[in-house]
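Just so it is clear, none of the values below were taken in a lab; they were calculated from the coordinates. Worth saying up front: this structure is predicted, and the values here are computed from it rather than measured. Note: ideal-geometry Cβ built from the backbone for every residue, glycine included; neighbour counts use all protein chains shown.
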Amino acid sequence: MGGGGRSAGRASVASRFLRGRSGASAIEFALVATPFLMLLMMLFQISLFYFAKESLDDAVRSASRQIMVGKVPASTQSAEAFRNTLLCPRLLFGLECSAIKVDAYRIGLTSDAKTGTGIYQFVDKTKKALRSPSSAGGFCIGAANDYVFLDVSYTFTNALSALFDRLTGGGLKTIRSTSLFRNEPFATGGASC
């Protein structure tokens with residue numbers, strides 16, 4: 001006999017499972033499969049989040065280098081044009097470009113932790129984290145030899161928030177990528193703001 005006996009045997013096992021009156025097999029399968037599938041979906045969502053974060057980090061790193069060497073043309077010296085021209089084309093992941101928020105700040109050459117000037121205007125001492133300054137919403141890429149703080153954020157929507165609202169913190173996570181650098185002494189480009 002060829003392979004016909006095997007497929008008939010498999011069909012009979014499947015038909016017995018479907019015709020079973022006790023339902024114990026179906027209940028056991030549901031008890032095991034449901035948590036497994038939920039765990040699998042959560043792992044997939046977490047992977048997407050970190051892939052999106054790495055994609056945004058790479059785009060910010062590349063854009064920072066363009067600012068640093070004075071290669072940002074005057075036509076892209078607004079937050080929207082900068083985002084559309086330098087950040088979005090570098091994204092490896094399907095992030096919605098219009099949802100990316102870009103701020104760039106020129107920082108003074110001197111910094112004082114006590115008065116909160118210079119780079120310390122971006123440090124939240126109570127949380128030991130970075131924060132946007134009180135004058136949020138600025139965009140200035142600076143001129144030659146200026147210190148620049150580039151702050152890019154994206155609100156990542158968790159697709160599984162309906163299922164795991166408590167575990168995912170409401171379904172929204174902010175992906176934030178920052179870069180602090182000093183512009184090189186380039187002859188052209190940059191902005192005096």
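Listed by chain and number, the aspartates and glutamates placed with their C-alpha closer than 15 angstrom to that of Lys173 are Glu54, Glu96, Asp165; residues fewer than eight positions away on the same chain are left out.
Residue-wise HN-Hα couplings along the range 71-87, as the Karplus relation 6.51 cos²θ - 1.76 cosθ + 1.60 with θ = phi - 60° gives them from phi, are 9, 8, x, 4, 5, 10, 9, 10, 4, 5, 5, 4, 4, 5, 8, 9, 8 Hz; Gly and Pro carry x. For Val123, the residues whose amide H sits under 5 Å from its own are Arg131, ignoring neighbours fewer than 5 places away on the same chain, with H placed 1.01 Å from N. Between Ala99 and Asp58, the FRET efficiency estimated from the beta carbon spacing at R0 = 25 angstrom works out to 0.90. Of all DSSP-defined beta bridges confined to the range 24-182, some 95% are antiparallel rather than parallel.
Classify the range 24-182 as rounded, prolate or oblate from the Cα gyration tensor: take a ≥ b ≥ c as the square roots of its eigenvalues, call it rounded if a/c is under 1.5, otherwise prolate when a/b beats b/c and oblate if not.
prolate
Note on the range 24-182: with charges restricted to the Cβ of Lys and Arg (+1) and Asp and Glu (-1), its dipole about the Cα centre is near 480 debye.
Listing Arg65, Arg83 from fewest to most neighbouring C-beta atoms within 10 Å gives Arg65, Arg83.
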